[in-house]
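Step one of this worksheet: look at the structure below.
The values are calculated or read from the model by the stated rules, or taken from the named source; none is laboratory data. Please read these numbers as outputs of a predicted model, since none were measured by experiment. For neighbour counting, all protein chains shown are included, and Cβ atoms are generated from backbone atoms with ideal geometry for every residue, glycine included.
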Amino acid sequence: MADEVKIGTAPFDPRFPNQNQTKHCFTSFVDYKRCTKLRGEDYAPCKYFEKAYNSLCPNAWVEKWESQIEEGTFPTKI
Amino acid sequence: MMVVKKHPFHMVDMSPWPLSTSIGALVMTTGLVKWFNQFNINLLIIGLLITVISSFQWWRDISRESTYQGLHTKKVLSGMKLGMVLFIISEVFFFLSFFWAFFHSSLSPSVELGMQWPPMGIQPFNPMQIPLLNTIILLSSGVSVTYTHHSILEKTMTHSKKSLMLTVILGLYFSCLQALEYWEAPFSMADSVYGSTFFMATGFHGIHVIVGTTFLFISLIRLMKNHFSSYHHFGFEAAAWYWHFVDVVWLFLYINVYWWGA
């Protein structure tokens, strides 16, 4: 049998206690970008943010934000 | 046989001004819509003219009825005081809505704004520059208008005229400085919800400053024409109340929009 696949999602974050998790998604995405910028792509703890935003965010949003970063129109500083 | 009025109230004579002012208000608001949608200000200008001219004549008639005909008894006066108080309260609610909009957008900025306030790219005004001067101007004008009131109560008319003139000049000074700020602003009303909330709140405040200054100026003219006595000068009092209200709204704007919001 194959190894058990671990299924999970982003843990509870008391900063975002309500049903609407938009800001949780956005904050995780921004934190990941800032983490890797500051510590490098291979810094393991940044993976926490990566897993969080990958779980929480619609892919379309991530694609849009990635293209904004490329164009220089991302609305906050990384 | 002389007509005897056995009550202290003022049953106003027939007048065309309420109707023409209402028509003016309708034409003005329709003109506003036409300006927004078709970029044409003609109807708005016509509406403004009709409203202003009708208002002028209506209020002139009230001055005639009170000062020259003596029809404003204590009861009439207390009715007008209540009316002015209720009107100012309604204006408080009007501004409350714009402050609500401001706090709604600024306390928890959306992800589209990058979850920050001011949004990226917006250069807010330095609250320690012209906005601070404007605050000092309005606070000083509040002092001078209070001095005017006390001078009227104490029948020192020269002092009352000078301090009321100073109040009007300070009001004009504020308007000029604010117009300059608007002209030189690095952001416009179209610049995200920041621009919208900023210009809606400060814009309506500016309109109220102009209205208040006009009201004070008319009071000054009436003061110079000796319309007021030391115990009956409600036209001036109403203008002063309105002016204090304008000052308080500015203080809220300064603290929250200009200072906290920057």
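Report yes if B:Phe93 is under 17 Å from the mean Cα position of the chain (by Cα) and away from every other protein chain (no Cβ under 14 Å), otherwise no.
yes
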Which condition does B:Trp117 not pass, out of (1) in contact with a Gly (Cβ under 8 Å, 6 or more places away or on another chain); (2) within 14 Å of chain A (Cβ to nearest Cβ); (3) not in a loop (DSSP other than H, G, I, E, B), if it passes all the others? (3)
Output the number of the condition that A:Ile78 fails; it satisfies all remaining conditions of (1) aliphatic (A, V, I, L, M); (2) within 14 Å of chain B (Cβ to nearest Cβ); (3) without any contact (Cβ under 8 Å) to a residue 24 or more places away in the chain; (4) outside any helix (DSSP H, G or I). (3)
Every residue in the stretch A:54-75 that is surrounded by 12 or more Cβ atoms within 10 Å (Cβ to Cβ), over 15 Å from the mean Cα position of the chain (by Cα) and in a helix (DSSP H, G or I), please. A:Gln68
Mind checking which residues of the stretch B:1-27 are loosely packed, with under 12 Cβ neighbours inside 10 Å and aromatic (Phe, Trp, Tyr)? B:Phe9
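Pick from the stretch B:101-114 the residues that are more than 7 Å from every other protein chain (Cβ to nearest Cβ) and part of a loop (DSSP other than H, G, I, E, B): which of them is surrounded by the most Cβ atoms within 10 Å (Cβ to Cβ)? Spell out how you get there, then give the answer.
First, pick out the residues of the stretch B:101-114 that are more than 7 Å from every other protein chain (Cβ to nearest Cβ): B:101-110.
Within this subset, residues satisfying the condition of being part of a loop (DSSP other than H, G, I, E, B) are B:108-110.
Details: B:Ser108: 11, B:Pro109: 20, B:Ser110: 15.
Within the stretch B:101-114, the match that is surrounded by the most Cβ atoms within 10 Å (Cβ to Cβ) is B:Pro109.
Listed here are the residues, each with its yes/no results for (1) touching a Ser or Thr at 6+ places or on another chain (Cβ under 8 Å); (2) assigned to a helix (DSSP H, G or I); (3) charged (D, E, K, R); (4) not assigned by the TED database to the domain that holds B:Met80.
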site: B:Leu19; (1), (2), (3), (4): no, yes, no, yes
site: B:Ser22; (1), (2), (3), (4): no, yes, no, yes
site: B:Ala25; (1), (2), (3), (4): yes, yes, no, yes
site: B:Lys34; (1), (2), (3), (4): no, yes, yes, yes
site: B:Val52; (1), (2), (3), (4): no, yes, no, yes
